[in-house]
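Here's the structure we're looking at; comments come further down.
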Amino acid sequence: MSQSFDVIIIGAGPGGYVCALRAAQLGMSVACVESRATLGGTCLNVGCIPSKALLQSSENYSATVHAWKDHGIIVEGVRVDLARMQARKAEVVSANVKGVEFLFAKNKVTWLKGTGRILAAGRVDVGGTEYSAKHIVIATGSESVPLSGVAVDQARIVDSTGGLELSAVPGHLVVIGGGYIGLELGSVWKRLGAKVTVVEFLDRIVPGMDAEVGKTFQRVLAKQGMTFRLSTKVTSARADAEGVTLTLEPAKGGAAETLRADLVLVAIGRRPVTTGLGLESVGVTLDQRGRVATDAHYATNVPGIYAIGDVIAGPMLAHKAQDEGAALAEILAGQAGHVNYGVIPGVVYTWPEVASIGETEEALKERGIAYAVGKFPFTANGRARAMGATDGFVKILADKATDRILGAHIIGPDAGTLIAELATAMEFGASAEDVARICHAHPSLSEAVKEAALAVEGRALHI
Ligand code: FAD
Ligand code: NAI
């Protein structure tokens, strides 16, 4: 007889492993299938964690070379030991993935090592052994979208995984795609000494984010030395022994030109992983974009089969996947698990950071919602001045009639942490006035949030 569980989860990324832990906390017997040699999925192995390790290291280097002089700190002979930087990154990853293994053991989650395939509702095959479960959860995540004419060889032409593993700083790095990955990894290699050109198909970078923030972001990155080729597409890339020749064309048609690079990073988005899972034979429906279609409770069209994380609709973010994992476990336990999709922060971990939550101005305009804007620049924040980090601003969008906060966008130092206050406010249905009346410590960056909230009614005090 096959070994039986209450829940079998396929994929141990942030969605799958959190679902497993929460289900175990709620008293279910849980197995999690993972084909990778370590737990933690894309995020811990080749995504969020290694990229943030390199962003931190490269920022430390960049600050030492460029910023400390201004503070009266003279450091001479600074150089990069890339092998050590990469080794440190591997140590950070290792500690995190082992942490998940420890949590599995602590919560008695069984790790089924291998590739999972659904045979039918209630039945999963892992490497020729069949297991049964009341509930099956698909948490297989996502992978890089390939670009036609640009074959990734992980040597001269890399995707994000290759882009995290470089053993030398490239002379000229061409990044295809001005989104999260392109700008984060572009920043890493720029800070370490590469010339970086970002080729973006649209007429702006970070297209999902507030346009004003996007514009300022591009200006700040350009000031740091990044070059942008907007409204441009790459139609081919030919690697040779010395580098890569790219063919570029205007996005809307026109004369082609060539661009020479030492290395090319393809970062034009990610797509759900659904192949080899047996979904077709079981009859699980996909949506038009190839994602597993679910209802509001993460149920697919096949009873007993659920899906969460990057493989379903919504932003491809680790915290979204984690919250869905926890919510689904609660639903399976008969509780009321829920994710508020209107309040999911997105953060680009560059310097300065860019953070966004809720509605953008463009979305509000499109939906005909009357809103008021409160904006406050970091140039007027005492702490930012003391830090020497005055690029950017906080922007709060509030409903014109009710003053309820509808969205918030921050570009500036520690924006990813600052946005959490506005996430909390939005979860509690706060108005801009509510945030403005909260006592914020002085001198702190968070005062810029208070001032932006005051600015919604035109009464910021320090500008
Ligand atoms: P994944 O993390 O992709 O995990 C899915 C797992 O399922 C994988 O380990 C895979 O091996 C396994 N799997 C797939 N099929 C099978 C099968 N048939 N059998 C067994 N196992 C299988 N998000 C953020 O929020 N913040 C960030 O800073 C951030 N940085 C990123 C940086 C990079 C370079 C990349 C690429 C992504 C980043 N992301 C970030 C996105 C984040 O990694 C994903 O949103 C998140 O990992 C999705 O979690 P998931 O559990 O849905 O899937
Ligand atoms: P992305 O969707 O963020 O950006 C892709 C960019 O490529 C877009 O600006 C798009 O217009 C552009 N593009 C698409 N096709 C193109 C083409 N043919 N030529 C030129 N440009 C083209 O995708 P990215 O950067 O690959 O990241 C994937 C996802 O991973 C992100 O959307 C995000 O969900 C997640 N991620 C999150 C991070 C974070 O939270 N800090 C960091 C890294 C990734």
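Each reported figure results from applying straightforward, stated rules to the coordinates on display, with no laboratory input. Keep in mind the model is a prediction, meaning the values are calculated, not measured. Methodologically, a virtual Cβ is constructed for each residue, glycine included, from the backbone with ideal geometry; neighbour enumeration extends over all protein chains shown.
Things worth noting here:
- Alpha carbon Rg of the stretch 344-455, scaled by the compact-globule rule 2.2 N^0.38 Å: 0.99
- From the C-alpha gyration tensor of the stretch 1-113, square roots of 5λ in Å: 41, 13, 9
- Under 5 Å between amide hydrogens, built in the peptide plane, is the criterion, and for PHE228 it picks out VAL198 among residues at least 5 positions away or on other chains.
- Take the Kirkwood radius over Cα pairs of the stretch 233-318, plug it into Stokes-Einstein at 4 °C and 1.567 mPa s, and you get 80 µm²/s for translational diffusion.
- Inverse of mean 1/r across different Cα pairs in the stretch 395-463, Kirkwood, Å: 11.9 Å
- Rule-of-thumb Rg ratio for the chain [Cα; 2.2 N^0.38 Å; N residues]: 1.03
- Packing rank of 409-415, 207-213, 166-172, where each peptide gets the mean count of other beta carbons within 10 Å, highest leading: 409-415, 207-213, 166-172
- Neighbours of GLN335 by Cβ distance under 15 Å: Lys/Arg scored +1, Asp/Glu scored -1, total -3.
- Protection proxy ranking of 334-340, 445-451, 83-89 - average other beta-carbon atoms within 10 Å, highest first: 445-451, 83-89, 334-340
- Global dimensions of the stretch 285-325 from alpha-carbon coordinates: Rg and Dmax equal 9.7, 26 Å.
- Annotation: extensible slack from ALA420 through ASP295 equals 42.2 nm (criterion: 0.36 nm per residue apart, minus Cα-Cα distance).
- Sequence-separation-based contact order of the stretch 157-268, relative, with Cα cut under 8 Å and 6+ spacing, percent: 34 percent
- The antiparallel fraction among DSSP beta bridges confined to the chain stands at about 60%.
- Taking each DSSP H run with n ≥ 4 as -39500 (n - 2.57) and averaging over every residue of the chain yields -9500 deg cm²/dmol at 222 nm.
- Among VAL347, LEU317, THR360 the positive-end extreme of the charge dipole of the stretch 301-422 (Cβ point charges): THR360
- Taking the chain as a whole, the Cys residues whose C-beta sits 4.7 Å or farther from every other Cys C-beta are CYS19, CYS32, CYS439.
- For the stretch 97-169 and the stretch 401-426, distance of Cα centres in Å: 33 Å
- Across the stretch 157-268, the volume of the C-alpha convex hull divided among the residues equals 92 Å³ per residue.
- Restricting the stretch 241-347 to trypsin sites (Lys or Arg not before Pro) in coil, as DSSP defines it, with at most 11 other Cβ within 10 Å: LYS252, ARG289
- Along the axis of the charge dipole computed for the chain (Cβ charges of +1 for Lys and Arg, -1 for Asp and Glu, origin at the Cα centre), the listed residues LEU164, CYS43, GLY127 are led at the positive end by LEU164.
- Total charge dipole magnitude, the chain, about the Cα centre, Cβ charges on Lys, Arg, Asp, Glu only, Debye to nearest 20: 540 debye
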